[in-house]
Amino acid sequence: MIIFNDVSKIYTIGDAEVKALDHANMHIREGEFVSIIGPSGSGKSTLMNIIGCLDMADSGQYFLDGQPIEEYTETELAKIRNRKIGFIFQNFNLIGNMTAQENVELPLIYQHVPKNIRRDLVDEALEKVQLTGRKGHRPTELSGGQQQRVAIARAIASKPSLFLADEPTGNLDSRTGEEIMALFHELHEKGNTIVLITHDEHVAKQAARSIHILDGHVEEVAV
C-alpha cells in the first residue's frame, strides 16, 4: 500500500538546511498495524504529512497503492485525503461550537454524502466508540478521552481503508490511552491499515511492527 524509495524532504530555516527526511525507505502492506516511533524533531510529522498526501517529498518516490504519488491529479489526491485516509490527531482538531454529532458529520458533508446516509454513518461511528449518549455534547463538555473518541468516530464515518494517527494518546492519561489503543486494535482486526506515529515506546510496541525515525533516517526495529 505504502512504499518510500529514497524519500527526502529538506526545509530551509534561515541559512540552515534541515533534513526532515534523509533518503527514507520503508514499506507498509495493506492490513498492517505499524507504529512509527521517534523523539520530537525526528521527522515524524513530515513523514506523516507525506504519507497522508498533505505534503510532497523533494526527492525520491512515494508509491501509494502501486502508483507514484506524483501521477495522481489534485482531484484524486483530495479524494484520497477525504475518503481513503482517516486522520486522527493528538489535539483532536474538533470544532468547538459543534456537537460531537456535527463534528463527525462535517467531513461527510464535504464529500456530498446524502443527508439520510450521513445520519446512519454518524450514528454507526458514534456507537462504535461508545458515545451515542454524548452526541449532543460539545468538545468542552467532554473529557479528553471522549474528545479523542469523537475524533476517531469522525475518521471511521468515512469508512477509510487507512488510519493515520499522530500521537493519538499523547494528551491522555495512561488508562484512557489504553482504551483508545483498544479501539485501534478493533479497527485493525476488521482489516484496516493502521499507521500510528508516537514517541512512546509502550504505545509503539502494541503494533505488529515498528519503524524507527531519528534525524530523518528511517529504519525498521524489532518489537
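Before moving on, here are some points about what is shown:
- Reciprocal mean inverse distance between Cα atoms of the chain - Kirkwood radius, Å: 18.0 Å
- Rolling a 1.4 Å probe over the protein chains gives residue 134 an accessible area of about 90 Å².
- Size of electric dipole in the chain: Cβ of Lys, Arg +1 and of Asp, Glu -1, about Cα centre, debye, nearest 20: 940 debye
- Based on C-alpha pairs under 8 angstrom that are at least 6 apart in sequence, the stretch 65-223 has a relative contact order of 25 percent.
- For the stretch 22-92, the dipole from Cβ point charges (+1 on Lys and Arg, -1 on Asp and Glu) about the Cα centre works out to 340 debye, to the nearest 20.
- Across the stretch 1-123, Cα pairs under 8 Å and at least six residues apart give a relative contact order of 23 percent.
- Across the stretch 163-168, coupling constants 3J(HN,Hα) worked out from phi with the 6.51/-1.76/1.60 Karplus curve, θ = phi - 60°, read 9, 10, 10, 9, 6, x Hz, and Gly and Pro carry x.
- Among 133, 14, 177, the largest mean-square fluctuation in a Gaussian network model of the chain (Cα springs under 10 Å) belongs to 14.
- Per residue, in Å², the accessible surface of the chain once ligands and nucleic acids are set aside, probe 1.4 Å: 49 Å²
- Within a Gaussian network of the chain (alpha carbon springs, distance under 10 Å), most fluctuating of 105, 17, 179: 17
- Sulfur and carbon atoms: percent of accessible area, the chain [1.4 Å]: 47 percent
- A compact globular protein would have a Cα radius of gyration near 2.2 N^0.38 Å; the ratio found for the stretch 96-223 is 1.13.
- The order of 76, 219, 32 by accessible area, most exposed first and with a 1.4 Å probe, is 219, 76, 32.
- Note on surface exposure: 62, 72 rank 72, 62 by accessible area, highest first, 1.4 Å probe.
- Cα centroid separation, the stretch 39-107 to the stretch 178-223: 17 Å.
- Amide proton proximity set for residue 60, modelled H, under 5 Å, gap of 5+: 8
The values are calculated or read from the model by the stated rules, or taken from the named source; none is laboratory data. All of these numbers come straight from a predicted model, not from anything done at the bench. All Cβ positions, glycine included, derive from the backbone under ideal geometry; neighbour counts span all protein chains shown. Heads up: the accessible areas ignore ligands, DNA and RNA and are worked out on the full protein's heavy atoms, side chains in. Shrake-Rupley method; radii C 1.70, N 1.55, O 1.52, S 1.80 Å.
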